[in-house]
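The values are calculated or read from the model by the stated rules, or taken from the named source; none is laboratory data. Every value quoted in this text rests on a predicted model; they were computed, and no experiment measured them. Neighbour counts run over all protein chains shown; Cβ positions are idealised from the backbone, glycine included. Side chains are part of the model used for accessible areas, which takes the heavy atoms of the whole protein and leaves out ligands, DNA and RNA. Shrake-Rupley method; radii C 1.70, N 1.55, O 1.52, S 1.80 Å.
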Amino acid sequence: MMKFSLIFPFILLFILVSHAQEPVPKDSITELDEIILLDSLQSSTDNGIIATKIIGTKIFQNYSPVDMVSAINQVSGVYILSGALNTNRITIRGVGARTLFGTDKLRLYYNDVPITNGSGFSTIESFDLENLSSVEVIKGPKATNFGANLGGAILLNSKQPNDGATYFRNNFTMGSYSLLKNNLQFSLKENKISLNVHYGYLETDGYRENNKFKREGVLVDVNYQINSKTNIGLLFNHVDYNAQIPSSLGETDFKENPTKAAFTWKSAKGYEDNKYSLAGLTINRTITDKLKNTSSIFYSYLDHYEPRPFGILDEYTHGYGFRTKFAGEWIANKTKIDYNFGAELYKDEYNWSEFENLYQENNGQGSLQGEQFAKNKEFRRQFNAFGNLLIPLGNAFSTQIGLNVNKTYYDFRDVFNQGADNKSAERDFDAIILPSLNLNYSFSELNSLYANISRGFSNPTLEETLTPDGVINPDIAQETGTNYEIGTRLLLLNRKLNMNIAIYRMDIKNLLVAQRVGEDQYVGKNAGKTQHQGLELEAEYNLDITSKLRLTPFISYTLNDHSFMTFVDEDNNYSGNPLTGVPKHRLNSGIQAQLNNTFYWYSTHQYVGEIPLTDANSLYSSPFNVINSKVGYKNQLGKNLSMDIAFGINNIFDVNYAQSVLINTTGFGGAEPRYYYPGNDRNFYGSLRLGYTL
């Protein structure tokens, strides 16, 4: 059954292509209320000829308004393991799979403002899918403009209002697990000003015990055209959410009682409370006809409080910085050469304290703060300078040369311990130079081949640089790797078949391994080399059954052939084993159907192969198939009023599956090791969106 589910979408696509008639040419463009967006792998204007994957409402609408994770998982090579709405780990081409909690080894940006903190961690759960117009994914270290991290970069872009329009949109969603979500949007674009305001509210009891989630947020995005050459923009995003934590389960509970919370987390009623704010001011300036500049300053604040069974964490972070980029062109021997260069500085101050959790003495009332046992400050700084030259070498061939230089600095201050017990220390990494070479050959107006060679890196977190005694280890090195990639972008059969294929290989050395030295204490070490190689295939076909009915089947397939080349951990030699935490096969497929531009049906299927859970490959997760479906009706109810009503079912066949896993975990006190985060069972939702134009 699983093997058939892997090849069925390819068979379906082949049949459709083989029997396609010659219809009237149409682009694979989805017309949206806010924008017109092409979901495909394409070259971003900002990134020259670098191949990126841009997804928007065409893919977002396949899923529930709550489900950003599934939308991004439809991108080949990208896999988000999601333990809960507030517990996500993004991996790109296997990079980041060894991170125990959260997302690192990539850069995350919101409207070009960096939202990755000073230690390299990003939290995509702070943002609402309904506020986004698109998500752009740059896989691997070829993103010299965005940090050249081994995982790559993800760029989140907010919705922008239509020209000359003032309107309200409200989308209300109800569903299983007492789900309530509402997103209200007000947009205005007149004369020199454009304004977009979103207010969002979300609450759910969750599928599991101790799994409630509540989030409230506001987004303000305003732009003002000062004159014909200067535009200024202000972005403000604030999110306040409280999320209970059921944590992971052992194999027995995962199979027999997946709604259960981990015993200690349930007893402590563990949760996290977050208040996150982001503010950015951006100026776009046309200096001359051939030179433009975009500059931003930004500030972020995170207040985080998390009662855990093994201690209560109380922390807050101030982050700030700037980003500037110049883009221009010059003519040499009648050849136009495009260039850009710039710099980005991010600094933050991270303050964190830990307290005893006396939940066992609190008469079943959950967490109770006790004595303080740690207080620390971390000053973290990352500086990136970058530049690119895009040089045409003929009518069809072009090359882009890029360079990124990174400088990272950590300053750790132990405010709690005195004298010989004080662990304060600094770590100043040497500057690292990260070149990139891109080639692109267009063998027709719509079809091209590309190639990339690029070098990337990943920093250890400050905590990973500590020894088991809490002292910074100067021997911990940055991970570095070289990426080799070739691919093709094809638009065939009168633009009805859109296909993208890429193969790559990335060799990473100084692999960072988190070694567990306590229930919640991990230290890092460089343990060897990994080889990441794979194939990515994405395709969609637009089939016009009649003038009123269109079917669009699609597939997104990922083959991960990732392994340890050299990996010796104490007396254990894992060299040659598949990389832990990465499925070898992943497939997303589905079909979109639209009738009269009013009725629609979207159905999606996700297959995830088995995942090695230990470095010794002694334990694997089970592969799974999950199918979702959504039907809806939209119409214009009057000159100014529009409606869209939808109903969806997730996990139609009620599959018991792990939506996220931990690797190399250890059981304490005779308990089973807790590897699994259960995915939701069969669940339902309904949405009603109303729009009113003034």
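A compact table of results
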item	result
Residue match in the stretch 612-620 (condition: within 27 Å of Thr166 (Cα to Cα), open to solvent by 60 Å² or more (accessible area, probe 1.4 Å) and either modelled with pLDDT under 95 or not acidic (Asp, Glu) (or both))	no
Some residue of the stretch 333-347 being farther than 30 Å from Lys292 by Cα and either loosely packed, with under 15 Cβ neighbours inside 10 Å or not β-branched (Val, Ile, Thr) (or both)	no
Criterion (surrounded by 19 or more Cβ atoms within 10 Å (Cβ to Cβ) and either out of contact with any helix residue (DSSP H, G or I) (no Cβ under 6 Å at 6 or more places or on another chain) or touching a residue at least 12 places away in the same chain (Cβ under 8 Å) (or both)) met by exactly one of Asp240, Asp221	Asp221
Test: residue in the stretch 148-157 that is of a type outside the set (Asp, Glu), at pLDDT below 95 and farther than 21 Å from Gln382 by Cα	yes
Matching residues, the stretch 278-294, being more than 24 Å from the chain's Cα centre (by Cα), assigned to a strand (DSSP E or B) and free of Cβ contacts under 8 Å to residues at least 60 places away in the same chain	Ile283, Asn284, Arg285, Thr286, Ile287, Thr288, Leu291, Lys292, Asn293
Residues satisfying the stated conditions in the stretch 301-314, i.e. crowded, with 16+ Cβ neighbours inside 10 Å, part of a strand (DSSP E or B) and not β-branched (Val, Ile, Thr)	Tyr301, Leu302, His304, Tyr305, Glu306, Pro307, Arg308, Gly311, Leu313, Asp314
Residue in the stretch 420-433 that is open to solvent by less than 60 Å² (accessible area, probe 1.4 Å), over 18 Å from Ile472 (Cβ atoms) and either touching a residue at least 60 places away in the same chain (Cβ under 8 Å) or assigned to a strand (DSSP E or B) (or both) present	yes
Scan of the stretch 259-300 for residues that are aromatic (Phe, Trp, Tyr), open to solvent by 40 Å² or more (accessible area, probe 1.4 Å) and within 22 Å of Asn363 (Cα to Cα), ordered by number	Phe263, Tyr271
Test for Asn680: is it open to solvent by 20 Å² or more (accessible area, probe 1.4 Å), under 30 Å from His198 (Cβ atoms) and assigned to a loop (DSSP other than H, G, I, E, B)	yes
Candidate set from the stretch 192-211 (those that are in a loop (DSSP other than H, G, I, E, B) and without any contact (Cβ under 8 Å) to a residue 40 or more places away in the chain); member that is surrounded by the most Cβ atoms within 10 Å (Cβ to Cβ)	Asp205
Within the stretch 79-131, considering residues that are part of a loop (DSSP other than H, G, I, E, B) and among the hydroxyl-bearing types (Ser, Thr, Tyr), the one modelled with the highest pLDDT	Thr116
Any chance Thr604 is hydroxyl-bearing (Ser, Thr, Tyr), in contact with a strand residue (DSSP E or B) (Cβ under 6 Å, 6 or more places away or on another chain) and open to solvent by less than 30 Å² (accessible area, probe 1.4 Å)	yes
Whichever residue in the stretch 300-342 is of a type in the set (Asp, Glu) and in contact with a Phe, Trp or Tyr (Cβ under 8 Å, 6 or more places away or on another chain) and, among such residues, is modelled with the lowest pLDDT	Glu329
Checking Glu356 against (1) closer than 30 Å to Asp428 by Cβ; (2) out of contact with any Leu (no Cβ under 8 Å at 6 or more places or on another chain), the condition it does not meet	(1)
Flag for Asn651 being touching a residue at least 60 places away in the same chain (Cβ under 8 Å), within 26 Å of Leu179 (Cα to Cα) and under 24 Å from the mean Cα position of the chain (by Cα)	no
Residue count, the stretch 354-412 (criterion: crowded, with 16+ Cβ neighbours inside 10 Å, within 30 Å of Gly270 (Cα to Cα) and basic (Lys, Arg))	2
Subset tally (residues that are within 26 Å of Phe236 (Cβ to Cβ) and part of a strand (DSSP E or B)) for the stretch 176-191	11
Qualifying residue in the stretch 393-416 (condition: of a type outside the set (Asp, Glu), assigned to a loop (DSSP other than H, G, I, E, B) and under 28 Å from Phe310 (Cα atoms))	yes
Lone qualifier among Glu329, Glu371, Glu349, Glu356 - being in a strand (DSSP E or B), touching a residue at least 40 places away in the same chain (Cβ under 8 Å) and of a type in the set (D, E, K, R)	Glu356
Close pairs (9 angstrom Cβ cut-off, 6 or more residues apart or separate chains): among the hydrophobic types (A, V, I, L, M, F, W, C) in the stretch 663-678, open to solvent by 70 Å² or more (accessible area, probe 1.4 Å) anywhere	Phe668/Glu519; Ala671/Phe263
Hits in the stretch 529-561 (condition: touching a strand residue (DSSP E or B) at 6+ places or on another chain (Cβ under 8 Å) and of a type in the set (S, T, N, Q))	Thr530, Gln531, Gln533, Asn542, Thr552, Ser556, Thr558, Asn560
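Conditions (1) closer than 19 Å to Val218 by Cβ; (2) surrounded by fewer than 21 Cβ atoms within 10 Å (Cβ to Cβ), marked per residue:
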| position | (1), (2) |
| --- | --- |
| Ser122 | no, no |
| Leu150 | no, no |
| Ile154 | no, no |
| Ser158 | yes, yes |
| Asp163 | no, yes |
| Ser176 | no, yes |
| Glu190 | no, yes |
